[in-house]
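Taking it in order: structure first as structure tokens, then the write-up.
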Amino acid sequence: MPLTTPSTTALHASATTHTLSYISALTSSALTSSSSPSTNPSTNPSTIPSTLATAGGSHFLPTITSFQLGHVGPVDHARMLQMIENTFDRFVEDGGIELEAVSHRVEAVSEGSAMVSIVWQRREVRWTNVYFFRVMEDGKQGWEGGVFDGEVSLIGIGMETMGRCANDCGRYGI
């Protein structure tokens with residue numbers, strides 16, 4: 001049962017607004033559906049992964065704790081941007097980004113934190129990422145971590161074997 005108190009109502013609203021902004025940043029049709037070269041750097045297919053990484057990365061706090069397929073560790077902001085960009089690079093290599101958010105759920109954990117799950121879909125494949133939302137004492141807010149197993153597994157889809165993913169995980173920022 002979600003924690004709902006007067007003190008978590010504002011947090012829930014902040015986390016929901018943050019989540020919707022993040023989804024919008026990563027699924028902007030102006031960026032994700034372009035297939036022909038453009039003179040506008042933000043819509044040129046070769047720069048779309050970087051543009052999306054910057055937009056999505058702005059939603060993360062400076063240090064993130066990442067949980068991926070049993071591995072837990074801190075990730076600095078620059079590395080998180082690279083991981084996001086590498087994921088979108090992989091999508092582009094595989095024929096296009098075509099990313100959408102199917103659903104999301106926000107649950108307050110305390111007065112300063114919430115867990116957010118987002119069900120993503122690319123083509124016929126769905127996965128869920130769980131993000132940890134935090135409002136810091138200084139008022140800054142954003143993702144402070146997450147569980148990215150589904151996304152990490154998705155990078156291996158379309159490769160000859162999942163064993164190849166083990167070899168390519170570094171390439172894709174995993």
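All of (1) outside any helix (DSSP H, G or I); (2) at pLDDT below 85; (3) within 17 Å of residue 128 (Cα to Cα) hold for residue 87 with one exception: (1).
The set of residues in the stretch 69-84 being buried (at least 16 other Cβ atoms within 10 Å of the Cβ) and part of a strand (DSSP E or B) consists of 75 alone.
Just so you know, in the stretch 110-129 the residues that are assigned to a strand (DSSP E or B) and in contact (Cβ under 8 Å) with a residue 60 or more places away in the chain include one that is surrounded by the fewest Cβ atoms within 10 Å (Cβ to Cβ), and it is 113.
The single condition from (1) at pLDDT below 70; (2) of a type in the set (D, E, K, R); (3) over 23 Å from residue 75 (Cβ atoms); (4) assigned to a loop (DSSP other than H, G, I, E, B) that residue 164 fails is (4).
The values are calculated or read from the model by the stated rules, or taken from the named source; none is laboratory data. Computed from a predicted model, the values in this text were never measured in an experiment. Counting neighbours? That spans all protein chains shown, and the Cβs are built from the backbone with ideal geometry, glycine included.
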